[in-house]
1. Skip the ligands, DNA and RNA, and give the accessible area per residue of the range 9-65 with a 1.4 Å probe, whole Å².
2. Distance between Cα centroids, the range 162-199 to the range 56-78: provide it in whole Å.
3. Compute the helix-to-body angle for 290-303: its Cα long axis versus the longest principal axis of the chain, expressed 0 to 90° and rounded to tens.
4. Heavy-atom accessible area per residue, the range 124-270, 1.4 Å probe: how many Å²?
5. Along the charge dipole of the range 1-131, Cβ charges K/R +1 and D/E -1, which of ALA28, GLY112, HIS44 sits furthest on the positive end?
6. Mind checking which lysines have their C-alpha under 17 Å from LYS113, skipping anything on the same chain fewer than 8 residues away?
7. Using a Gaussian network model of the chain with C-alpha springs under 10 Å, which one of SER189, SER93, SER179 is most mobile by mean-square fluctuation?
8. Please give me the summed charge of the neighbours of LYS5: other residues whose Cβ is under 14 Å from its Cβ, Lys and Arg +1, Asp and Glu -1.
Amino acid sequence: MTWSKPETEDVRAALRALAPELAGEPIAFLAEGWECWAFEVADHVLRFPKTEVSVKSLRQERALLPALKEHLTVPVPHIDVWAERGPNGAPFSGHVKLPGAHVWPNGDAPIGKPGPDFGRQLGLLIRELHSFPVEHAQALGVPEHDVAHERSKRIEHFEAVIRRVFPLVSCEARMHIESVYRSAINDASYYASPPCFTHRDIDVNTLIDDEGNISGLIDFGGCIIGSPAIDFWLPVHGFARLGIGGQSAACIAASGISSDELEAMRPELGYINLHYPVHDILHGLETGQPEFVEDGIKHLNTLVPSSLRC
């Protein structure tokens, strides 16, 4: 089941019953994510699920955050607004908005400028995240994505790419996507890293202050127990696009992984690097946001080897 974006008055009505101190405040639409609609009300961010799967993510985040607050040195949200039945008859959550700007583009949110110590700080954050005890995470409802699960999801995703993305991109792009995706599905080297607790969306959900230091981490609904590689995409492939490529080594060193562990992640990281712009194209098609489609195609074209010819 898919739910529509709540109307402002639906949000206000839900707040009258749950958080009357917020009900009279201005309500502004903040962003549309993959799973939730976000609204800003006074100093709070309210998140409304788009599907029943999104409800599971909100519940997972609510269960996880108290434990992560004790484990991480970086601030995380504190859920102080929760209703089992809000707009669309679904649960929704809210928390005081953490200060800072997204370090990576996230819809219409501002893009912060990382400071000279950002890489080291991110490495320490990744180290803390990946050291969160797997048994504790499991007890809090965090799912485990083993090799069989990841492979099935990659097959499902590739099928969607063939149907919806291939008609929009060049022959060369299609060839490159097919080659990388088939390897990521079938090659054991793409599943080499031992599982741990991972955030999986650390790039767009890390916040930084005016000096470019990490000020918080948000959105834990997609956390899983699985390969750590995805949390290393930002320092390995994203730092150069942020203009801080020189900080990658400091980030990797602070994260505590060895050079052998990093090399074992390289194939999967290459797949993730291609997956992201393809993912953006699909997101734009599903949400009716052509800017995501256009940006995804532009980024994808930069990743297609210039020597490739149909």
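1. Heavy-atom accessible area per residue stands at 46 Å².
2. So the two Cα centres are separated by 31 Å.
3. Helix 290-303 sits at roughly 30 degrees to that axis.
4. Result: 43 Å² of accessible area for each residue.
5. GLY112
6. Within the straight-line limit of under 17 Å, LYS113 reaches no lysines at all.
7. Largest GNM mean-square fluctuation: SER179.
8. -4
The values are calculated or read from the model by the stated rules, or taken from the named source; none is laboratory data. These numbers come from a predicted model, not from an experiment. When we count neighbours, we look across all protein chains shown, and the Cβ atoms used for this are built from the backbone with ideal geometry, even at glycine. These area figures cover heavy atoms from the full protein model, side chains too; ligands, DNA and RNA do not enter into them. Shrake-Rupley method; radii C 1.70, N 1.55, O 1.52, S 1.80 Å.
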